[in-house]
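Undergrad: Provided herewith is a single structure, encoded as structure tokens, for subsequent inquiry.
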Amino acid sequence: MTGGPCQVQFPAPSLSGGAIAGAGAVVNDTPILMSLGEPQHQPPSLLTETLAAHAHEWNKYPPMAGTPELRQAIVDWLARRYRLMPGSLDPDRHVLTLAGTKEGLYLLSSLVVPREKGGRRPVVLVPNPYYLVYNGAATMAGADAVFLDATRENGFMPDLAAIPRAVLERTALFYLCSPANPQGTIASLDYLKQAIALARRHDFVLAVDECYAEIYDRVPPPGALEACAALGHGFDRVVVFHSLSKRSSAAGLRSGFAAGDPSLIGHFKHLRDYGGCQVPLPIQAAATALWRDEAHVEDNRARYRRKFDIAEAAIGGRFGFYRPAGGFFLWLDVGDGEAATLRLWRDAAVRVLPGGYTARASDGRDNPGSRYIRLAIVHDEATLETAFARIRRVL
Ligand SMILES: Cc1ncc(COP(=O)(O)O)c(C=O)c1O
């Protein structure tokens, strides 16, 4: 305990901490910030047009679960995208809208992590590297985060067969990310089925963060609801998270949803009734329009493909380069991620994320991110060309 009123010590380090905090660029180049996974494309005009058409609704309290129109648009999109049987999702029972997936991913742990599981302190399984919210959510719910290393050796996806039985018996929640941030790996349908079977066998909740599902290179990533449909038994113990932040380049809209196990979704709605944040009606209307439109998503995807073409042409064959199957990050093996980050910033004004800052050493194993840097490939093509030229010069 560090003292003061706070009861919990937050997991460290933060993305901006460590040795790079305070380091200044010593070159005069214009800084290029590739450390943050923030889309740089403009969202389609559909967004602002719909917001404007619903401008008279800012005075109203919005429904917590989402408007019927938005939930129907989401159910229609899920059914189309994951080839689900018509009617298998009910907008009233299976879907809950969120003010972005971040809050939902975080809140879920307080809903499903009990004080004890199997007579012991509960466990939350976290892929390693991870999106920082998973770890924070585990800590704040009073669980032990158990880190499942996702390395080159296991195809950058946690090895499900290697999770000890004693850990599974204590597990209350498993956060899985596909396409994975940062490595871009896509979980196969079989992998998702195995993860669901584990959740059902060991009575824990599987939360699949699919917020990069629409940014992919060649093959649309399968989803956990699709895996549920293939397995039967409905959506028992499974919840997926989707967002408009990446799909529609609308991170500022703060709009996402959770879908899956109806009992879980029902309790989740109650929790959000107390502590959640309603999404304003004009934003729900804009989200409805965006989930109903695919043209802007295809355009977005094509633009990311061109960015990865540029990356491949510039640094293919170096730093263990591979073209990620999904998402918009490069995960480069530079030997020492923190040292490379410092060099890139000081000598080239290119800001990247040291891979070790989004992963951690655990159970006597090395930090699986420490050799890597993460680059968000979000900028326009000319800026990317410049960034890769500088990277080649400095590393
Ligand atoms: C893996 C992952 N999950 C969830 C989120 C949260 O997205 P949002 O809250 O904008 O929906 C992000 C954002 O960067 C992310 O990288």
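Undergrad: From (1) of a type in the set (V, I, T); (2) more than 19 Å from H41 (Cα to Cα); (3) touching a Gly at 6+ places or on another chain (Cβ under 9 Å), pick out the condition that doesn't hold for V394.
TA: If we test V394 against (1) of a type in the set (V, I, T); (2) more than 19 Å from H41 (Cα to Cα); (3) touching a Gly at 6+ places or on another chain (Cβ under 9 Å), just (3) comes out false.
Undergrad: Is there any pair linking a residue in segment 48-64 that is in contact (Cβ under 8 Å) with a residue 12 or more places away in the chain to one that is part of a loop (DSSP other than H, G, I, E, B) and surrounded by 12 or more Cβ atoms within 10 Å (Cβ to Cβ), with Cβ under 7 Å and at least six apart or on different chains, and which?
TA: Close Cβ pairs satisfying both conditions: W58/P280; Y61/Q278; P62/Q278; P62/V279; P62/P280; M64/G276; M64/Q278.
Undergrad: Checking C211 against (1) away from the ligand (no atom under 16 Å from the Cβ); (2) buried (at least 23 other Cβ atoms within 10 Å of the Cβ): exactly one of these is not met. Which one?
TA: (1)
Undergrad: Test of understanding: among L206, L264, which residue is modelled with pLDDT of 95 or more, outside any loop (DSSP other than H, G, I, E, B), more than 12 Å from the chain's Cα centre (by Cα) and away from the ligand (no atom under 16 Å from the Cβ)?
TA: Values: L206 fails: away from the ligand (no atom under 16 Å from the Cβ).
Checking each option against the conditions leaves just L264.
Undergrad: Quick check: is even one residue across segment 231-248 closer than 26 Å to V146 by Cα, assigned to a helix (DSSP H, G or I) and not hydrophobic (A, V, I, L, M, F, W, C)?
TA: no
Undergrad: Name the residue that is nearest to the ligand (Cβ to nearest atom), counting only residues in segment 88-119 that are free of Cβ contacts under 8 Å to residues at least 60 places away in the same chain and at positive phi.
TA: G118
Undergrad: What do you reckon, is N154 farther than 21 Å from L111 by Cα and in contact (Cβ under 8 Å) with a residue 24 or more places away in the chain? It would help to see each step written out before you state the result.
TA: Working: farther than 21 Å from L111 by Cα: yes; in contact (Cβ under 8 Å) with a residue 24 or more places away in the chain: no.
No; evaluated as a whole, the condition is false for this residue.
Undergrad: Still on this structure, I have one more. Only one residue in R306, R323 is within 16 Å of L384 (Cα to Cα), surrounded by fewer than 20 Cβ atoms within 10 Å (Cβ to Cβ), charged (D, E, K, R) and within 20 Å of the chain's Cα centre (by Cα), so which one is that? Let's see the steps before the verdict.
TA: Working: R306 fails: within 20 Å of the chain's Cα centre (by Cα).
None of the others qualify; the one that does is R323.
Undergrad: Give segment 37-74 a look and list any residue that's loosely packed, with under 14 Cβ neighbours inside 10 Å and under 30 Å from G266 (Cβ atoms), or say none.
TA: W58, N59, K60, Y61, P68
The values are calculated or read from the model by the stated rules, or taken from the named source; none is laboratory data. None of the values given here were measured: they were computed from a predicted structure. As a convention, Cβ positions derive from the backbone with ideal geometry for all residues, glycine included, and neighbour counts pool all protein chains shown.
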